[in-house]
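Quick notes on the structure that follows.
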Amino acid sequence: MRKIFFITSILGVVLLFSSCKTNTKTNIIKDNFDFASKQFDYAFQVIDSAIQNDTRDADVKAKNPLVSPRTLNEDGTLRMRPSREWTSGFFPGSLWYMYEYTKDPKWEAKAREFTATVEKEKMNTGTHDLGFMIFDSYGNGLRLTDDQSYKPVILQAAKSLITRYVPNAKTIRSWDHNKDKWQCPVIIDNMMNLELLFWAFKETGDSTFYNIAVTHANTTMENHFRPDYSTYHVIDYDTITGEVLHRNQHQGYQDESTWSRGEAWALYGFTATYRDTKDEAYLDVARNVANFIFTNPNLPEDLIPYWDFDAPNIPNEERDVSAATITASALYELSTYGGDKADQYKKWADTIVENLTNNYRATLNSDGGFLLLQSTGAKSLNSEINVPLVYADYFFLEALLRKQKLESGKGLF
Ligand code: GLY
């Protein structure tokens, strides 16, 4: 009798634990969106007050209004930035993700309001970041509402982006700054802008967009990777011969180190490029990059990387939560393309999302209205160290939505 009682009790405990585990797993998405819903209501108040307290001259304000939160200043106040900043599409994009999850028209209205503030960047030919700025804002808006008035904005952004294509170097130029140092600097981040060009090709049938995107990806594949699939941040090309002139870091620790967010951009960018081309070479790159990240002895147990895989004082270095959210979102997609590690990719992404939720979340009605803490923008430039960053939040929400779609048996796209 005692034996039966003992076995029944053990079974009960096992069942209780497994049901708790299931609950945590199913609720983690809802829990985060519920949190985001309240936190973004707070963010709107902080944003309004930051705009009211903008001390710049009236003509400067009129020309370049502050439209989008980026991070916190050292004194804890919100750092709002104008639309020309590379980060301006992420807050509108996050609001579109709120709408996608909740279907609440309140979030659609807010997403539309913030999206409209970046429209003028469609004409910006001085940056490669148009994918981030326009595709994450207008692109998500079009996907979710089919608002046809968004199409010309996105198409114009794609046209502006391809003006930066340098045919002799077979690449899209990233930056115009530091002209004394670099002729044609291309950063690994630039892979993230190709989705915009693939969209423009599908929309117009004009193969120029497709060919430029694929050529850029091929050039990046050739020159940005070391044999172990770690990445250089900046490759500088000769604009006449196309020869590689420099291999540098800018936001990472040093030229031969691996900047964690750069590695995350590579993972995401090559996974997305496989989606649009079905060229297995890109899938191989993405899998090799995942392998680099997850076999790296300097990746902490909770899978939230330090800001650089080779930072000099590991384990006493800051994390970069943004690299983790980008990685998680990319891994959910990569897990849908088969291969012997497909299940593992999903498990790693789940672990990242779980650890971020449990240990890196901001405080409700505080932290400037951001969702996650402990990102690092550019420690090498002494900038944005161990702070919330708007793009960490954007990719976190995207990862959660991807997790939800995968777990309910829906395709991601
Ligand atoms: N794309 C700029 C950055 O990742 O900091």
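The values are calculated or read from the model by the stated rules, or taken from the named source; none is laboratory data. All values reported here derive from a predicted model rather than from experimental measurement. Neighbour counts are summed over all protein chains in view; Cβ atoms, including those assigned to glycine, are modelled from backbone coordinates with ideal geometry. Remember, those area values only see protein heavy atoms, side chains included, never the ligands or the DNA or RNA. Shrake-Rupley method; radii C 1.70, N 1.55, O 1.52, S 1.80 Å.
With the Cα gyration tensor of the stretch 147-272 giving a ≥ b ≥ c as the square roots of its eigenvalues, does the rule (a/c under 1.5 for rounded; else a/b larger than b/c for prolate; else oblate) give rounded, prolate or oblate? Since a/c reaches 1.5 and a/b is larger than b/c, the shape of the stretch 147-272 is classed as prolate. Under the convention that each Lys and Arg Cβ holds +1 and each Asp and Glu Cβ holds -1, the size of the dipole of the stretch 284-413 around its Cα centre is about 400 debye. Per residue of the chain, what 222 nm ellipticity follows from adding -39500 (n - 2.57) for every DSSP H run with n ≥ 4, rounded to the nearest 500? The helix-only estimate for the chain comes to -17000 deg cm²/dmol at 222 nm. With Rh defined as the Kirkwood radius, the inverse of the mean 1/r over Cα pairs, the Rg/Rh of the chain is 0.99.
When the pairs Lys110/Lys151; Lys110/Lys379; Lys347/Lys405; Lys202/Lys410 are compared against a 26 Å limit on Cα-Cα distance, Lys110/Lys379 fall above it. Residue order by solvent-accessible surface for Ser37, Ser94, Ser149 is Ser149, Ser37, Ser94, largest first, with ligands and nucleic acids left out and a 1.4 Å probe. Sparse packing (at most 11 other Cβ atoms within 10 Å of the Cβ) combined with a DSSP loop state is found for the following trypsin sites (Lys or Arg not before Pro) in the stretch 338-413: Lys410. Distance between the C-alpha centres of the stretch 117-132 and the stretch 257-315: 26 Å, rounded to the whole angstrom.
Placing unit charges on the Cβ atoms only, positive for Lys and Arg and negative for Asp and Glu, gives the stretch 356-413 a dipole magnitude near 240 debye about its Cα centre. Judged by the gyration tensor of its Cα atoms, with axes a ≥ b ≥ c, the stretch 200-304 is oblate; a/c meets the 1.5 cut and b/c is at least as large as a/b.
Springs join every pair of Cα atoms under 10 Å in this Gaussian network model of the chain, and among Ile51, Ile240, Ile352 the largest mean-square fluctuation is at Ile240.
Its Cα centre serving as origin, the chain has a Cβ charge dipole (Lys and Arg +1, Asp and Glu -1) of approximately 1040 debye. How far, in nm, would the chain grow between Ala62 and Thr125 when pulled straight, counting 0.36 nm per residue and subtracting the alpha carbon separation? In short, 20.6 nm is gained. Sparse packing (at most 14 other Cβ atoms within 10 Å of the Cβ) combined with a DSSP loop state is found for the following GluC sites (Glu not before Pro) in the stretch 71-125: Glu74. Averaging the sequence gap over all C-alpha pairs within less than 8 Å and six or more residues apart, then dividing by the number of residues, gives the stretch 110-226 a relative contact order of 25 percent.
The simple spin-label model puts a point 7 Å past each Cα toward its Cβ; for Ala378 and Tyr337 those points are separated by 2.9 nm.
How high is the relative contact order of the chain, in percent, with contacts defined as C-alpha pairs under 8 Å that are six or more residues apart? In percent, rounded to a whole number, it is 15.
When you filter the trypsin sites (Lys or Arg not before Pro) in the stretch 176-267 for DSSP loop state and at most 16 other Cβ atoms inside 10 Å of their Cβ, you are left with Lys179, Lys181. Surface analysis of the chain yields an accessible area of 43 Å² per residue, using protein heavy atoms and a 1.4 Å probe. Counting only heavy atoms of the protein chains and using a 1.4 Å probe, Ile314 has close to 50 Å² of accessible surface. Under a Gaussian network description of the chain, with springs only between Cα atoms under 10 Å, the residue in Ala281, Ala392, Ala362 that fluctuates furthest is Ala281. In the chain, a dipole from Cβ-located charges (positive for Lys and Arg, negative for Asp and Glu) runs towards its positive end, and of Pro65, Thr163, Trp199 it is Trp199 whose Cα lies farthest in that direction.
Only Cα pairs under 8 Å and 6+ residues apart enter the sum, and on that basis the relative contact order of the stretch 189-314 stands at 23 percent. For the stretch 341-399, the square roots of the Cα gyration tensor eigenvalues, ordered a ≥ b ≥ c, give a/c of at least 1.5 with a/b no greater than b/c, which places it in the oblate category.
For the residues Thr87, Thr171, Thr204, a GNM of the chain with alpha-carbon springs under 10 Å puts the largest fluctuation on Thr204.
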